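Undergrad: This is the structure I have questions about; it appears just below.
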Amino acid sequence: MSTTAREAHLTIDPAFRVAPVRRRTFGTFVEHLGRCVYTGIYEPGHPSADEDGFRRDVLDLTRELGVSTVRYPGGNFVSGYRWEDGVGPRERRPRRLDLAWHSTETNEVGVDEFVAWCRKAGVEPMMAVNLGTRGIAEAVDLLEYCNHPSGTALSDRRIANGAKQPHDIRMWCLGNEMDGFWQTGHKTAREYGRLAAETARAMRMVDPDLELVACGSSGSSMPTFGAWEAEVLEHTYDVVDLVSCHAYYEEKDGDLGSFLACSTDMEYFIRSVVATADHVGARLKSRKRIDISFDEWNIWYLSRHQAAEPPRDWPVAPPLLEDHYHLADAVALGGLIITLVRNSDRVTAASLAQLVNVIAPIMTEPGGRAWRQTTFHPFAQASRYASGEVLRVEPVSPSYETAEYGEVPLLHAVATRADDGGVTVFAVNRSTDGPLSLEIDARALGGVRVTGATTLTDADVYARNTADQPDRVAPRANPHVEQDPLRVLLPPVSWNVIHLG
Ligand code: AHR
């Protein structure tokens, strides 16, 4: 073990329970945007395409990623979407201008195909309704089409279109990012709060057991942040279950230290929304609790996207927002996962935005290969190994100074305890200049050993995976493990998974 490594500690005690691990934390997102749907999940001419035109290679990677829910069809796209365009015989489906992404939508894939894809992928669909250009009637129609068993015009239309069984979609987003000026049909908090409340009430008349998500803020730096949630929840508190948070992070001006600490903002975001929701609940004298659906989060080099020339034509499925992630992106993303899991008492659902090609863990070539980006790995490992209960670990760690967040600990960690008693620690070393020697006090677990440890790291923090080198950055066994006391060496800029049993 290196003698130069700085020391960090954490204590694991099964009594320090936070909440159950929420499977829905491991959700993602498929939007009609760029090549996410077309040449992403769907490409009829592809060598791996199945009888419905879905890419089997992408289905396999989606299963390997361990995805629980998939949000659909947007995103900004949903705020101009007419769901009826995407059902029925394909040859009769209209081509439409998609204002959000300046593209042409062919409507070859719609809700029935998406749900069919979800069943094949083994994921739960999560649907968004258009509250930008449309309203209550269209939301209720879509719900009736999807969930009503039969015997009405819309449910029978679904059956005629080949879906005999109801789609039975439980989670519904009431619009998307309605606080954003970029959103088609952008609204004030009052306008949106009233519309969301009435839409929710009507939807519950069709199906009282829905789980409904009101739009929160598109980021913690939005000028209306806090006030937006308060006003929207004043209107919707009784009729929704969750409020959304959206957050994207990127390395700016070469400030890697701040970037690796970006989960500090996510933590602040979650705490602020929880406090606001609880405050509204108290004012309304309600015992009900509103949880968080963090239904868009990721690393996104948004400033590069904003600097790019807007398209002049209306292409079909152009390559848009195709960020190629490096090791540091994966480590920052791992930190965000740790924060989501640490807050499982109030964050009960989340969606990594997005799944394929568009700021995504999975990349594809049209007609060609599919591969795992660096960011695939922390998500897949956390989804695979986080089970049972979340344990608070409160690490004690050296810290470093960041321009954006001030003093931040080098170590960021959480643990989960499976039903069989096995504990897994997820840990990020944010240090750019040295390893951390992590000592784990697991006396409360009684004589456990480190049964395995992996690390995701690279000598080059900007190393990427490509179609030709798909496994350049992947988790490898960590050989630097000691058993007495339990100690694991975490390389600089690394995501780590440590198993105790
Ligand atoms: O995920 C990309 C876009 O980011 C979504 O369409 C939108 O909701 C957000 O601004």
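Undergrad: Which net charge results for the neighbourhood of Ala214, defined as the other residues with beta-carbon distances under 10 angstrom from its beta-carbon, given Lys and Arg at +1 and Asp and Glu at -1?
TA: Computed value for this residue: -2.
Undergrad: Follow-up. Can you give me the relative contact order of the chain as a percent, contacts being Cα pairs under 8 Å and 6 or more apart?
TA: Across the chain, relative contact order equals 21 percent.
Undergrad: Take the solvent-accessible surface of the protein heavy atoms, probe 1.4 Å, and return the percent of it on the stretch 204-269 that carbon and sulfur atoms account for.
TA: For the stretch 204-269, the apolar C and S fraction of the accessible surface comes to 51 percent.
Undergrad: Could you tell me which residue out of Leu142, Asn76, Pro20 lies farthest along the dipole of the stretch 1-147 toward its positive end? Charges go on the beta carbon: Lys and Arg +1, Asp and Glu -1, centred on the Cα centre.
TA: Toward the positive end, the furthest listed residue is Pro20.
Undergrad: Positive end of the charge dipole of the stretch 298-347 (Lys, Arg +1 and Asp, Glu -1 on Cβ, about the Cα centre): tell me which of Gly335, Ile299, Val316 has its Cα farthest that way.
TA: It is Gly335, whose Cα lies furthest towards the positive end.
Undergrad: Work out the charge dipole of the stretch 358-501 with +1 on the Cβ of Lys and Arg and -1 on the Cβ of Asp and Glu about the Cα centre, then indicate which of Gln469, Val408, Leu391 is farthest towards its positive end.
TA: Gln469
Undergrad: Right, next: Could you work out how much longer the chain between Asp238 and Leu302 gets when fully extended? Use 0.36 nm per residue separation minus the Cα distance between them, nm to one decimal.
TA: Numbers: separation 64, 0.36 × 64 = 23.04 nm, distance 3.52 nm.
Length gained, Asp238 through Leu302: 19.5 nm.
Undergrad: Under a 1.4 angstrom probe, counting protein chains only, how are Glu404, Glu365 ranked by accessible area, largest first?
TA: Working: Glu404 110, Glu365 55 Å².
Ranking Glu404, Glu365 by accessible area, largest first, yields Glu404, Glu365.
Undergrad: If you don't mind, another one. What is the magnitude of the charge dipole of the stretch 86-128 about its Cα centre, with +1 placed on the Cβ of each Lys and Arg, -1 on the Cβ of each Asp and Glu, and no other charges, expressed in debye to the nearest 20?
TA: It comes to approximately 120 debye.
Undergrad: A further question on this structure: Within 11 Å, Cβ to Cβ, of Phe29, how many net charges do the neighbouring residues add up to if Lys/Arg are +1 and Asp/Glu are -1?
TA: Local net charge: -2.
Undergrad: Follow-up question, since we're still on this one. With all protein chains present, how much of the accessible area of the stretch 61-109 (probe radius 1.4 Å) comes from carbon and sulfur, to the nearest whole percent?
TA: 47 percent
Undergrad: Let me ask another. Please give the per residue accessible area of the chain, computed with a probe of 1.4 Å over protein heavy atoms only, in Å².
TA: 38 Å²
Undergrad: Looking at the chain, what % of its DSSP beta bridges pair antiparallel, to the nearest 5?
TA: 55 percent
Undergrad: Tell me, what ³J(HN,Hα) does each residue in the stretch 178-195 have, in order and in whole Hz, if you take phi through Karplus 6.51 cos²θ - 1.76 cosθ + 1.60 with θ = phi - 60° and put x for Gly and Pro?
TA: Couplings: 6, 7, x, 4, 7, 7, 4, x, 3, 9, 6, 4, 5, 4, 5, x, 5, 5 Hz.
Undergrad: Quick one: of the DSSP bridges fully inside the stretch 23-132, what percent are antiparallel, nearest 5?
TA: Antiparallel bridges make up about 40 percent of those DSSP assigns within the stretch 23-132.
Undergrad: May I ask you to order 162-168, 230-236 by the average number of other C-beta atoms within 10 Å around their residues, highest value first?
TA: Per-residue Cβ counts within 10 Å, averaged per peptide and sorted highest first, yield 230-236, 162-168.
Undergrad: Related question: Using label points projected 7 Å from each Cα along Cα→Cβ, tell me how many nm separate Lys120 and His102, to one decimal.
TA: Between Lys120 and His102, the label points sit 3.3 nm apart.
Undergrad: How far apart, in nm, are two points set 7 Å out from the Cα along the Cα-to-Cβ line at Glu404 and at Ala467?
TA: 3.2 nm
Undergrad: Rank by packing, highest mean first: peptides 343-349, 397-403, 51-57, 214-220, with packing defined as the count of other Cβ atoms within 10 Å averaged across residues.
TA: 214-220, 343-349, 51-57, 397-403
Undergrad: Please sort 449-460, 467-478 by packing, taking for each peptide the average over its residues of neighbouring beta carbons within 10 angstrom, highest first.
TA: Ranked by mean Cβ neighbours within 10 Å, highest first: 449-460, 467-478.
Undergrad: Something else now. For the stretch 1-153, what class follows from the C-alpha gyration tensor (a ≥ b ≥ c being the square roots of its eigenvalues): rounded when a/c is under 1.5, otherwise prolate if a/b is larger than b/c, else oblate?
TA: prolate
Undergrad: How large is the helix-only mean residue ellipticity at 222 nm for the chain, computed as the sum of -39500 (n - 2.57) over DSSP H runs with n ≥ 4, divided by its residue count, in deg cm²/dmol to the nearest 500?
TA: My calculation for the chain gives -8000 deg cm²/dmol from helical runs alone.
Undergrad: So, one more: Does anyone have the angle between helix 56-65 and the longest principal axis of the chain? Alpha-carbon axes, 0 to 90°, nearest 10?
TA: 50 degrees
Undergrad: Summing +1 for each Lys or Arg and -1 for each Asp or Glu, what net charge is found among the other residues whose Cβ lies under 12 Å from the Cβ of His412?
TA: With Lys, Arg at +1 and Asp, Glu at -1, the neighbours total 0.
Undergrad: At a Cα cut-off below 29 Å, give the lysines reachable from Lys285, other chains included and same-chain residues fewer than 8 away excluded.
TA: Lys187
Undergrad: What distance in nm lies between label points placed 7 Å from Cα along the C-beta direction at Val396 and Ala444?
TA: Here the answer is 1.5 nm between the modelled labels.
The values are calculated or read from the model by the stated rules, or taken from the named source; none is laboratory data. For clarity, every value in this text was computed on a predicted model and none was experimentally measured. Cβ: placed from backbone, ideal geometry, glycine included. Neighbour counts: every protein chain shown. Keep in mind that these areas ignore ligands, DNA and RNA; they rest on the heavy atoms of the full protein, side chains included. Shrake-Rupley method; radii C 1.70, N 1.55, O 1.52, S 1.80 Å.
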